[in-house]
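Report on the following structure.
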Ligand SMILES: NC(=O)c1ccc[n+]([C@@H]2O[C@H](COP(=O)([O-])OP(=O)(O)OC[C@H]3O[C@@H](n4cnc5c(N)ncnc54)[C@H](O)[C@@H]3O)[C@@H](O)[C@H]2O)c1
């Protein structure tokens, strides 16, 4: 396991916090060269420094998933630095306040689709041609259980994550014959900065979610990261267009 990703170049968007940070930590400890992209410069630099201290090759690149030019430059910079791109984890995403569909404002709608859906499409737009040139590659997109079933009060988020699942399946079908696999991971409620923010004003919510979960607990970022790393790795060499739920059985009910 130690050197499972030795010689592999992996890009992780939203790698400064939460699930992305857990993915970076695991990739680094298993031999990958990791490029961390985020809008949070200080936090991202810190994650890269910790990975380097542990002996990995890691660098931070500031890139905003709302900016096509940033994403194009991010992929270019990665390839210029390391000569290739073996895996890409399109993880950056944002949430919104709990609101019934009819109450959602246009600004919130646009912001969520811009980052969660258009951002993932733009990442793949630039990652795929590089992987096709190499004749191999693996992309993992962070969707959500909200990309598989309806989520009350999370309309824009659920729409964006259903979109990510649609993009993932389509890319898998289009690019599989070129040696590129594209999969999605669908976590339920995971203890991260995002989850903490979404509890604001609803202290009762965490307890309710835990009660409704078959395993009676929230997920941890590392548990999602393990699923992501498996899909990235050669161990999943015939897995393509899959949505891996990491939800403690939530969507099995
Ligand atoms: N935490 C959960 O319960 C949960 C559940 C299902 C799916 N997810 C998904 O997992 C992914 C990671 O979520 P998390 O809980 O770790 O969130 P988080 O808020 O803890 O971390 C998200 C990271 O993305 C970065 N980011 C946000 N907007 C960005 C932008 N425009 N450009 C670049 N980077 C940006 C943030 O700075 C942050 O570092 C997201 O796509 C999220 O939708 C999370």
Considering only residues of segment 67-86 that are in contact (Cβ under 8 Å) with a residue 40 or more places away in the chain, buried (at least 16 other Cβ atoms within 10 Å of the Cβ) and within 16 Å of the ligand (Cβ to nearest atom), which is nearest to residue 127 (Cα to Cα)? 75
Over segment 88-119, the set of residues more than 11 Å from the ligand (Cβ to nearest atom) and crowded, with 24+ Cβ neighbours inside 10 Å is 88
Looking at segment 56-66, can you tell me whether even one residue there is more than 18 Å from the chain's Cα centre (by Cα), modelled with pLDDT of 95 or more, within 13 Å of the ligand (Cβ to nearest atom) and over 19 Å from residue 242 (Cβ atoms)? no
Determine whether segment 237-250 contains at least one residue that is loosely packed, with under 15 Cβ neighbours inside 10 Å, touching a residue at least 40 places away in the same chain (Cβ under 8 Å), on the phi < 0 side of the Ramachandran plot and in a helix (DSSP H, G or I). no
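On the given criteria, is residue 232 crowded, with 17+ Cβ neighbours inside 10 Å, farther than 19 Å from residue 147 by Cα and at pLDDT 95 or above? It would help to see each step written out before you state the result.
Details: crowded, with 17+ Cβ neighbours inside 10 Å: yes; farther than 19 Å from residue 147 by Cα: yes; at pLDDT 95 or above: yes.
Answer is yes for this residue.
Somewhere in segment 14-30, is a residue out of contact with any helix residue (DSSP H, G or I) (no Cβ under 6 Å at 6 or more places or on another chain) and buried (at least 24 other Cβ atoms within 10 Å of the Cβ)? Talk me through it step by step, then tell me what you get.
Restricting attention to segment 14-30, the residues satisfying the condition of being out of contact with any helix residue (DSSP H, G or I) (no Cβ under 6 Å at 6 or more places or on another chain) are 20, 25, 27, 29-30.
If we keep only those that are buried (at least 24 other Cβ atoms within 10 Å of the Cβ) too, we end up with 20, 27.
Yes: segment 14-30 contains one or more residues that are out of contact with any helix residue (DSSP H, G or I) (no Cβ under 6 Å at 6 or more places or on another chain) and buried (at least 24 other Cβ atoms within 10 Å of the Cβ).
Quick check on segment 36-47. Is at least one of its residues more than 13 Å from the ligand (Cβ to nearest atom), touching a strand residue (DSSP E or B) at 6+ places or on another chain (Cβ under 8 Å) and free of Cβ contacts under 8 Å to residues at least 60 places away in the same chain?
Filtering segment 36-47 down to residues more than 13 Å from the ligand (Cβ to nearest atom) leaves none.
Within segment 36-47, none of the residues are more than 13 Å from the ligand (Cβ to nearest atom), touching a strand residue (DSSP E or B) at 6+ places or on another chain (Cβ under 8 Å) and free of Cβ contacts under 8 Å to residues at least 60 places away in the same chain.
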What is the residue count in segment 185-198 for residues that are free of Cβ contacts under 8 Å to residues at least 40 places away in the same chain and exposed (fewer than 14 other Cβ atoms within 10 Å of the Cβ)? 1
Does residue 154 satisfy being touching a residue at least 12 places away in the same chain (Cβ under 8 Å) and over 21 Å from residue 97 (Cβ atoms)? no
Only one of 202, 197, 217 is assigned to a loop (DSSP other than H, G, I, E, B) and under 21 Å from residue 142 (Cβ atoms). Can you tell me which? 217
Please determine whether any residue of segment 103-112 is within 18 Å of the chain's Cα centre (by Cα), touching a residue at least 40 places away in the same chain (Cβ under 8 Å) and over 19 Å from residue 9 (Cα atoms). yes
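Is one or more of the residues making up segment 163-170 closer than 20 Å to residue 104 by Cα and in contact (Cβ under 8 Å) with a residue 12 or more places away in the chain? First the steps, then the outcome.
Taking segment 163-170 first, the residues closer than 20 Å to residue 104 by Cα are 163.
Going one step further and asking which of them are in contact (Cβ under 8 Å) with a residue 12 or more places away in the chain, we end up with 163.
So far as segment 163-170 goes, yes, one or more of its residues are closer than 20 Å to residue 104 by Cα and in contact (Cβ under 8 Å) with a residue 12 or more places away in the chain.
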Just give me the residues in segment 1-58 being more than 24 Å from residue 195 (Cα to Cα) and in a helix (DSSP H, G or I), in sequence order. 28, 29, 49, 51, 52, 53
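The values are calculated or read from the model by the stated rules, or taken from the named source; none is laboratory data. Keep in mind that this is a model prediction, so the values were computed, not measured. A quick note on method: Cβ atoms are made from the backbone with ideal geometry, for glycine too, and the neighbour counts reach across all protein chains shown.
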